[in-house]
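Below is one structure; the comments refer to it alone.
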Amino acid sequence: MKRSSRLSIALHALVHLHAQPGKQLTSASLATCLMTNPVVVRRILGELRQAGIVDASKGPNGGWSLNRPAQEITLRQVYEAMGERLLVRTDSDPGDVTCAIVRSVDRVMHDFLDDAETLLAARLQRVRLSDIASDAIHAGFPRLD
């Protein structure tokens, strides 16, 4: 799976959980909506559970639910729970570490990407899950039933 798709899958699943208050949604039902495998859903939601964003319960009526209101969940919290960067780093020429130009270019680009990542994370802090959910609901997304 592409690194960038994990955050999108997490946000998509969280909006579904928000839209079904009081219900436990299974990994299988979420996977159908997300067009992925239930194992992928469980892995991603497991990371969100460790971050205190979702809860899981077992049994015939078990499933996933939000641990707190969507207004209290920022996109930055979700992003940090995924434990990955938004911007992918590439080295100029990983085979030639002796070249001063390669090292300089890589250092400058890494610093630039670190700065850009910090700006993106700050922007994610200002957006709440409820903002995405509200937009999706106004667009008429179907609920899981």
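The values are calculated or read from the model by the stated rules, or taken from the named source; none is laboratory data. These numbers were taken from a predicted model, which means no experiment stands behind them. Cβ sites come from the backbone with ideal geometry, for glycine too, and all protein chains shown count toward neighbours. The accessibility values were calculated without ligands, DNA or RNA, using every heavy atom of the protein model including side chains. Shrake-Rupley method; radii C 1.70, N 1.55, O 1.52, S 1.80 Å.
Okay, here's what the table says:
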quantity: Cβ pairs under 9 Å, 6+ apart, first in the range 29-43 and open to solvent by less than 40 Å² (accessible area, probe 1.4 Å), second in a helix (DSSP H, G or I) and among the basic types (Lys, Arg); calculated: Ala31/Arg42; Val40/Arg6
quantity: Sole residue being at pLDDT 95 or above, over 22 Å from Asp135 (Cα atoms) and charged (D, E, K, R), chosen from Glu84, Glu47; calculated: Glu47
quantity: Residues of the range 1-20 satisfying the condition of being touching a residue at least 24 places away in the same chain (Cβ under 8 Å), open to solvent by 60 Å² or more (accessible area, probe 1.4 Å) and assigned to a helix (DSSP H, G or I); calculated: Arg3, Ser4
quantity: Number of the exception - Ala56 against (1) under 16 Å from the mean Cα position of the chain (by Cα); (2) open to solvent by less than 70 Å² (accessible area, probe 1.4 Å); calculated: (1)
quantity: Lone qualifier among Ser65, Ser29 - being within 29 Å of Leu120 (Cβ to Cβ) and among the small types (Gly, Ala, Ser); calculated: Ser65
quantity: Number of positions in the range 127-138 that are in contact (Cβ under 8 Å) with a residue 40 or more places away in the chain and open to solvent by 80 Å² or more (accessible area, probe 1.4 Å); calculated: 1
quantity: Tabulated pairs, the range 97-126, first open to solvent by 60 Å² or more (accessible area, probe 1.4 Å), second at pLDDT 90 or above, C-beta under 6 angstrom, 6+ apart or interchain; calculated: Gln125/Thr74; Gln125/Arg76
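Condition check ((1) under 23 Å from Ser5 (Cβ atoms); (2) more than 21 Å from the chain's Cα centre (by Cα); (3) at pLDDT 80 or above) across all residues:
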{"position": "Ile101", "(1), (2), (3)": "no, yes, yes"}
{"position": "Arg107", "(1), (2), (3)": "no, yes, yes"}
{"position": "Thr118", "(1), (2), (3)": "yes, no, yes"}
{"position": "Gln125", "(1), (2), (3)": "yes, no, yes"}
{"position": "Phe141", "(1), (2), (3)": "yes, no, no"}
{"position": "Asp145", "(1), (2), (3)": "no, yes, no"}
